[in-house]
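Visitor: Take this structure, written in structure tokens, and hold onto it; I'll ask about it next.
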Amino acid sequence: MKVAVTGAFGFIGSHLLPVLISVGHEVAASVEPGNGSRVVGVRTFPANVTTSEGLAEGFSGVDAVVHLAARNHVIKEADKDPLSAYRLVNVEGTVNVFRSAYRAGAGLMIHLSSVKAMGEGSDCMMDENTPCAPRTAYGISKLESEVALKALAAESKMRVVILRLPMVYGPSNKGNIPRMIRWANRGLPFPLFQPDNLRSMIYVENVVAGVLASIKKAPEGISTYILKDREDYSTRTVYSAICRELGRPPRFFPVPGTLVRLGGMLSGDFRKVTGSFRVSSGKIGKELGFSPPFSLEEGIARTVAWYKRSAH
């Protein structure tokens, strides 16, 4: 199959491209104008999703488009109008990609979204039927991208798969897991705000496997699935797995609920990983027969190994 990938040289794309090639797909990847990134065996084409420039040429002759390009969650936001900035890439960009793919004759579009489109978590496990109530500019833009995509797809015969992801971790990511690895590598005890918390996460290679399953088994029409690892994890479990890979004993200290900022030592985003946010991936397992191939231990081992290599 001929597959085009937008945002192909980001975190997820860098893991997806070599796997697509290894299983026999013919791959084309978009790059921002002036970007010289290359992967052996991949045809690259310059494109801008916010203006549609280059998309028609890049999608010519493809069977499927995997849409990864996005303005992802920004920890230290500098834009004066974050929602507009998110909408430009995440909503208008998604619309442009769909229209270009449809005109090029592609039969399938896979759009990577986020569980942030649903909200920031609740006391119960959330699934695809949970009413969406995003609270952040990023989450709002992701939900709006899904709504716009569904409206466009409903008027076409193109298959669309929307994959909602929780926190993604793995080699080359710069999110909360590398921060936890640095913390553990210094031998510091990790603060536990909610000792019994459970959080849904997904290892990047499990995301890749989910994309491959969607390419192979996408049903007719429009489908929305949540992807996550096989289990949900407590902060204690994740930090302990990291410490084992570093050869250090895991150490923790409980933080009273009244001390919410640790004197400024932890950012709001870092504290979120210690809270609970659970989602269900039962639907994709039932409809596509998908089960994530990698465990937490495998994902953390590969992430710590990457951290060790990159630290030198």
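The values are calculated or read from the model by the stated rules, or taken from the named source; none is laboratory data. In this text, all values refer to a predicted model and were calculated from it rather than measured experimentally. Note: ideal-geometry Cβ built from the backbone for every residue, glycine included; neighbour counts use all protein chains shown.
Visitor: How many residues are at pLDDT 95 or above, within 20 Å of residue 196 (Cα to Cα) and small (Gly, Ala, Ser) when one looks only at region 264-289?
Guide: 1
Visitor: Follow-up question, since we're still on this one. Taking residue 164 and the conditions (1) in contact with a Lys or Arg (Cβ under 6 Å, 6 or more places away or on another chain); (2) crowded, with 23+ Cβ neighbours inside 10 Å, which numbered condition does it fall short on, given that it satisfies the others?
Guide: For residue 164, the failing item is (1).
Visitor: Taking residue 206 and the conditions (1) more than 20 Å from residue 112 (Cβ to Cβ); (2) touching a Gly at 6+ places or on another chain (Cβ under 9 Å); (3) of a type in the set (S, T, N, Q), which numbered condition does it fall short on, given that it satisfies the others?
Guide: (1)
Visitor: Select from region 106-158 the residues that are surrounded by 18 or more Cβ atoms within 10 Å (Cβ to Cβ), among the small types (Gly, Ala, Ser) and more than 23 Å from residue 56 (Cβ to Cβ) and list them in ascending order.
Guide: Once the filter is applied, which keeps residues that are surrounded by 18 or more Cβ atoms within 10 Å (Cβ to Cβ), among the small types (Gly, Ala, Ser) and more than 23 Å from residue 56 (Cβ to Cβ), region 106-158 yields 113, 114, 117, 119, 121, 137, 139, 141.
Visitor: Testing residue 178 on (1) under 20 Å from residue 232 (Cβ atoms); (2) touching a residue at least 40 places away in the same chain (Cβ under 8 Å); (3) under 18 Å from the mean Cα position of the chain (by Cα), one condition comes back false. Which one is that?
Guide: Among (1) under 20 Å from residue 232 (Cβ atoms); (2) touching a residue at least 40 places away in the same chain (Cβ under 8 Å); (3) under 18 Å from the mean Cα position of the chain (by Cα), residue 178 violates only (1).
Visitor: For region 127-143, which positions are within 17 Å of the chain's Cα centre (by Cα) and either assigned to a strand (DSSP E or B) or among the charged types (D, E, K, R) (or both)? Step through it out loud before you land on a result.
Guide: We begin by selecting, within region 127-143, every residue within 17 Å of the chain's Cα centre (by Cα); these are 127-128, 134, 136-143.
Within region 127-143, 127, 128, 142 meet the criteria.
Visitor: Hey, another quick one. Going through region 3-43 one residue at a time, which ones are on the phi < 0 side of the Ramachandran plot, at pLDDT 95 or above and more than 21 Å from the chain's Cα centre (by Cα)?
Guide: Selection gives 22, 23, 25, 26.
Visitor: Additional query: If I ask for residues that are within 21 Å of residue 118 (Cα to Cα) and under 17 Å from the mean Cα position of the chain (by Cα), which ones from region 278-296 would you list?
Guide: Across region 278-296, the qualifying residues are 278, 279, 280, 281, 284.
Visitor: Here are some residues: 101, 106, 153. Which one is on the phi < 0 side of the Ramachandran plot, in a loop (DSSP other than H, G, I, E, B) and not β-branched (Val, Ile, Thr)? Steps first, please.
Guide: Working: 101 fails: in a loop (DSSP other than H, G, I, E, B); 153 fails: in a loop (DSSP other than H, G, I, E, B).
After ruling out the rest, the residue left standing is 106.
Visitor: Being of a type outside the set (A, V, I, L, M, F, W, C) and part of a helix (DSSP H, G or I) is the filter; apply it to region 53-72 and report the residue that is surrounded by the fewest Cβ atoms within 10 Å (Cβ to Cβ). Let's see the steps before the verdict.
Guide: Keep residues of region 53-72 that are of a type outside the set (A, V, I, L, M, F, W, C), which gives 53-54, 57-58, 60-61, 63, 67, 71-72.
Of the ones still in play, those that are also part of a helix (DSSP H, G or I) are 57-58.
Values: 57: 13, 58: 25.
Among those residues, the one meeting the criterion is 57.
For (1) free of Cβ contacts under 8 Å to residues at least 40 places away in the same chain; (2) part of a helix (DSSP H, G or I); (3) within 27 Å of residue 148 (Cβ to Cβ); (4) within 23 Å of the chain's Cα centre (by Cα), each residue gets a yes or a no:
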position: 194; (1), (2), (3), (4): no, no, no, no
position: 205; (1), (2), (3), (4): no, yes, no, yes
position: 231; (1), (2), (3), (4): no, no, no, yes
position: 237; (1), (2), (3), (4): no, yes, no, yes
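Visitor: Moving to a separate point now. Given the condition part of a strand (DSSP E or B) and of a type outside the set (Phe, Trp, Tyr), answer yes or no: does some residue in region 73-96 qualify?
Guide: First, pick out the residues of region 73-96 that are part of a strand (DSSP E or B): none.
No, every residue in region 73-96 fails to be part of a strand (DSSP E or B) and of a type outside the set (Phe, Trp, Tyr).
Visitor: Further question on the same structure: Might you let me know whether region 66-89 holds any residue that is at pLDDT 95 or above, closer than 26 Å to residue 212 by Cα and among the basic types (Lys, Arg)?
Guide: Scanning region 66-89, I find no residue that is at pLDDT 95 or above, closer than 26 Å to residue 212 by Cα and among the basic types (Lys, Arg), so the answer is no.
Visitor: Any idea how many residues of region 73-105 are crowded, with 17+ Cβ neighbours inside 10 Å, more than 19 Å from residue 29 (Cα to Cα) and in contact (Cβ under 8 Å) with a residue 60 or more places away in the chain?
Guide: Qualifying residue count for the region: 1.
Visitor: Quick check: anything in region 296-305 in a loop (DSSP other than H, G, I, E, B) and either at pLDDT 95 or above or touching a His at 6+ places or on another chain (Cβ under 9 Å) (or both)? If you could, list the steps in order and put the result at the bottom.
Guide: Taking region 296-305 as the starting set, the residues that turn out to be in a loop (DSSP other than H, G, I, E, B) are none.
Scanning region 296-305, I find no residue that is in a loop (DSSP other than H, G, I, E, B) and either at pLDDT 95 or above or touching a His at 6+ places or on another chain (Cβ under 9 Å) (or both), so the answer is no.
Visitor: Any idea which of (1) part of a helix (DSSP H, G or I); (2) modelled with pLDDT under 90; (3) of a type outside the set (Phe, Trp, Tyr) is the one residue 210 doesn't satisfy?
Guide: (2)
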